[in-house]
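Structure, as structure tokens:
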Amino acid sequence: MRTHKQLVTYQSIVQVLSEPGCPFCRFLKEYQAGRLQNHSKDDIHRLCNFHAWGLAALQNAPTAAQVFIKLVDEPVLTSDRDSRCDICKEVLAEEDRRIREFVSCLARPDVSHWLRAFAVLCIPHGTRLRRQVPIVLTARIDAIIDHYREQLTHELQQLRDEPDESDRVGWGALGRAAEFLVSQRGLHS
């Protein structure tokens, strides 16, 4: 597993709307990277497979080693009440905050414009957002997902039908399709 260096620290989901792809995935990917890179050894008591490997991939090996020493010396028993990964819990809480923030910004002109013109949502975030927006916007969320589904299907068919594997263009469509189906890697387990 490769972690990426956190380059941007977003403060608001609205900042991410001009970036490609699902804004919730992009925001949470940066948040997740930041949590893995800027943690206290005392904050982490349990890690899932994905986040354990993410921690192992950090460039700051001494810091990661401190966390692993703590986890190895004091393993959490599986019978503990809340045995979920600490990073997963934080990412889920941040996801909830960002969806609520987005819903609270629906009246803003830049958000309305994004929804009409440029919106891309993965299925998991579109589904969660759909549950929280006013009923008049649920059809728009569905249309955004359907439009992106059609676009991805076209790109994937082109990729599939290329005659020579070595010269294929559009390999990024595979990653976009994976994100569309299940969101960014590590955000939902």
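Values as computed for the structure displayed
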item	result
In region 105-117, the residues that are among the small types (Gly, Ala, Ser) and surrounded by 12 or more Cβ atoms within 10 Å (Cβ to Cβ)	Ser112
Of all residues in region 153-189 being surrounded by 15 or more Cβ atoms within 10 Å (Cβ to Cβ) and outside any helix (DSSP H, G or I), the one that is modelled with the lowest pLDDT	His188
Region 84-106, subset within 20 Å of Leu55 (Cα to Cα) and among the basic types (Lys, Arg), residue modelled with the highest pLDDT	Lys89
In region 9-31, the residues that are part of a helix (DSSP H, G or I), more than 23 Å from Ala178 (Cβ to Cβ) and touching a residue at least 40 places away in the same chain (Cβ under 8 Å)	Val14
Pairs with Cβ under 7 Å, 6+ apart, first in region 95-124 and closer than 23 Å to Leu187 by Cα and touching a residue at least 40 places away in the same chain (Cβ under 8 Å), second among the charged types (D, E, K, R) and surrounded by 15 or more Cβ atoms within 10 Å (Cβ to Cβ)	Ile99/Arg128; Cys122/Glu179
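The values are calculated or read from the model by the stated rules, or taken from the named source; none is laboratory data. Not measured: the values here are computed from a predicted model. FYI the Cβ positions are ideal-geometry reconstructions off the backbone, even for glycines, and counts take in every protein chain you see.
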